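The values are calculated or read from the model by the stated rules, or taken from the named source; none is laboratory data. Computed from a prediction, not measured in an experiment: that's the story for all the values here. Virtual Cβ from ideal backbone geometry, glycine too; neighbours counted across all protein chains shown. Calculation scope for accessible area: heavy atoms of the full protein, side chains included, ligands and nucleic acids excluded. Shrake-Rupley method; radii C 1.70, N 1.55, O 1.52, S 1.80 Å.
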Amino acid sequence: QVQLVESGGGLVQTGDSLRLSCAASGRTSSSYHMAWFRQTPGKEREFVAFIGRIVSFTYYADTVKGRFTISRDNAKNTVYLQMNNLKPEDTAVYYCAAGTVVSFVQNAGGYDYWGQGTQVTVSS
């Protein structure tokens, strides 16, 4: 069993930056592929970024490419999402996810564990 806890969300203005953290416990985070998703009311959960067990492999949604960076520190069992040049469209609850076998990184149903989420609000 793996427990995931997100932190780092908040209220910022357009163009500001935030770094989200996802702390894992129960099993080492190095055993899992990790991803960030986000969700707004009335919409399905949206893929944001992915990082594999091999730290050099990352994948991003087109909407965040060039602005967001996912990274992991296996020694701390923590995954990060650095968000730069934030836009009002980025406003959402951001969720951390972990999976052992991920056939399609953008599919939320393929992940085994989820955090409770952290709110990010970007004012215009």
> How about the stretch 42-114: which strands (runs of 3 or more DSSP E) wholly inside it have at least 3 residues that are crowded, with 20+ Cβ neighbours inside 10 Å?
Replying inline: 46-51, 68-73, 78-83, 92-99
> Restricted to the stretch 1-31, and to residues that are assigned to a strand (DSSP E or B), open to solvent by less than 30 Å² (accessible area, probe 1.4 Å) and over 13 Å from Leu81 (Cα atoms), which residue is modelled with the lowest pLDDT?
Replying inline: Ala24
> Hey, Met34 hits all of (1) more than 21 Å from Gln116 (Cα to Cα); (2) buried (at least 19 other Cβ atoms within 10 Å of the Cβ); (3) not charged (D, E, K, R) but one; which does it fall short on?
Replying inline: (1)
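For (1) touching a residue at least 40 places away in the same chain (Cβ under 8 Å); (2) closer than 19 Å to Asp112 by Cα, each residue gets a yes or a no:
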site	(1), (2)
Gly42	no, no
Ile51	no, yes
Asn74	yes, yes
Pro88	yes, no
>> Of everything in the stretch 115-124, what is over 15 Å from Gln1 (Cβ atoms) and open to solvent by less than 30 Å² (accessible area, probe 1.4 Å)? Give them in sequence order.
In response: Gly117, Thr118, Val120, Val122
> Based on what the data block shows, is Gly15 in contact with a strand residue (DSSP E or B) (Cβ under 7 Å, 6 or more places away or on another chain) and under 21 Å from Gln119 (Cα atoms)?
Replying inline: no
